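Quick notes on the structure that follows.
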Amino acid sequence: MSTDNTPGAGNTEQVRLSAFVHGHVQGVGFRWWTRSHALELGLVGSASNLADGRVHVVAEGPRDKVLALLDALRSGTTPGRVDLVVESIDPPRGGLVGFVER
């Protein structure tokens, strides 16, 4: 049995991000922007408007790519204004194809 101790080892572990984005994030191109970034990172999932004004982002893929999307959501460079991102990272569920806006 060998152990890979190289920096970044294990970054290909598949995970699922569920992030609730609070702020002024509806009607400003936020879901499109999120989709664009997710596709550049090779992630699958969705960005959905919620009735209370939040956007729910679900993304699956390699842990390092999912964390890069999470960082982008918090970067201050999104359309609109992000006040808070509440996230959970869990094992992937699968069944997602592409990245869609809902």
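The values are calculated or read from the model by the stated rules, or taken from the named source; none is laboratory data. Predicted, not measured: the structure shown is a model, and the values here were computed from it. Cβ placement follows ideal geometry from the backbone for every residue including glycine, while neighbour counts extend to all protein chains displayed. Note: accessible area is taken over every heavy atom of the protein model, side chains too, but ligands, DNA and RNA are not part of it. Shrake-Rupley method; radii C 1.70, N 1.55, O 1.52, S 1.80 Å.
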Accessible carbon and sulfur surface of the chain relative to its total accessible area, %, 1.4 Å:
51 percent
Between Ser36 and His24, what is 0.36 nm times their sequence separation minus the Cα-Cα distance? Round to one decimal in nm.
2.4 nm
Amide H contacts under 5 Å for Arg16, restricted to residues at least 5 apart in sequence or on another chain and with H modeled in the peptide plane, are Asp90
Please give the net charge around Ser18, taking every other residue with its beta carbon less than 11 angstrom from that of Ser18, where Lys and Arg add +1 and Asp and Glu add -1.
-1
How large is log10 I(q)/I(0) at q = 0.13, 0.15 Å⁻¹ when the Debye formula is applied to the Cα atoms of the chain, each weighted equally and without solvent?
-0.44, -0.57
If you roll a 1.4 Å probe over the heavy atoms of the protein chains, what accessible area per residue do you get for the chain, in Å²?
57 Å²
Contact order relative to length for the chain, counting C-alpha pairs under 8 Å separated by 6 or more residues, stands in percent at 42 percent
Starting from the Cα-Cα distance between Ala51 and Leu84, subtract it from 0.36 nm times their residue separation and give me the gain in nm to one decimal.
10.2 nm
Calculated FRET efficiency, Arg63 and Val97, Cβ-Cβ r, R0 25 Å, to nearest 0.05?
0.80
What number comes out for the charge environment of Asn49, summing +1 per Lys or Arg and -1 per Asp or Glu over other residues with Cβ under 15 Å away?
+2
Nearest 10 degrees, 0 to 90: what angle lies between the long axis of helix 30-40 and the longest principal axis of the chain (Cα atoms)?
20 degrees
